[in-house]
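Throughout, read-outs are computed from the coordinates displayed, never taken from laboratory work. For clarity, every value in this text was computed on a predicted model and none was experimentally measured. Neighbour counts are summed over all protein chains in view; Cβ atoms, including those assigned to glycine, are modelled from backbone coordinates with ideal geometry.
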Amino acid sequence: MRVTERTLVLIKPDGVARRHVGEILSRIERKGLDIVALELRTATEEVAAAHYAEHEGKPFYPGLIEFITSRPLVAAVLEGPRAIAAFRQLAGGTDPVEKAVPGSIRGDLGLDAGENLVHGSDSVESAEREIALWFPALAGS
Ligand code: GDP
Ligand code: MG
């Protein structure tokens, strides 16, 4: 049985500034995931803090919030079978050098553990919470 999922994806400000939006959306489309919401916006402190609440108190947290709110990003909701794991596979591990393999978005395009191009929800629960935060009109639909 194939279970359709939704996942919340961000093309972080470094990905937009480095003009990788088309490249990243192309990889998503080639994988076979559907884009059901897509918007360029600049994250507020409130949304950024709620999004990264699990990391509050960690050494990199202040810099992470500053980075995420600094410039426009692309927020998206993807849909498809096993969409959550499928996008995490496309993204690669958190550290683009130590963890992300070549062929992944971070492995191919990144060098920095903080400015690592993309975010993808890590579980069904995270996806529901993050979709409600970024695209409240979609939540529960
Ligand atoms: P993700 O789910 O792969 O994005 O990784 P995490 O949920 O563990 O961390 C969230 C985000 O915080 C990462 O994507 C990075 O942008 C940032 N981050 C995590 N760990 C580090 C770190 O050790 N150093 C820095 N500078 N940023 C980090
Ligand atoms: Mg995470």
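Some notes on this structure:
- For the chain, the C-alpha radius of gyration divided by 2.2 N^0.38 Å, with N the number of residues, is 0.97.
- E125-K31 pseudo-label distance in nm [points 7 Å out on the Cα-to-Cβ vector]: 2.3
- Lysines whose Cα lies under 20 Å from that of K58, excluding same-chain neighbours fewer than 8 positions away: K12, K99
- Distance between region 1-47 and region 65-130 - C-alpha centres, whole angstrom: 9
- For the pair V3 and T44, a Förster radius of 35 Å applied to the C-beta separation gives a FRET efficiency near 0.60, rounded to the nearest 0.05.
- Given +1 at the Cβ of Lys and Arg, -1 at the Cβ of Asp and Glu and no other charges, the dipole of region 87-141 around its Cα centre is 120 debye to the nearest 20.
- Amide H contacts of A37: V77, each under 5 Å away and 5 or more positions distant or on a separate chain (H built 1.01 Å from N in the peptide plane; Pro and chain starts excluded).
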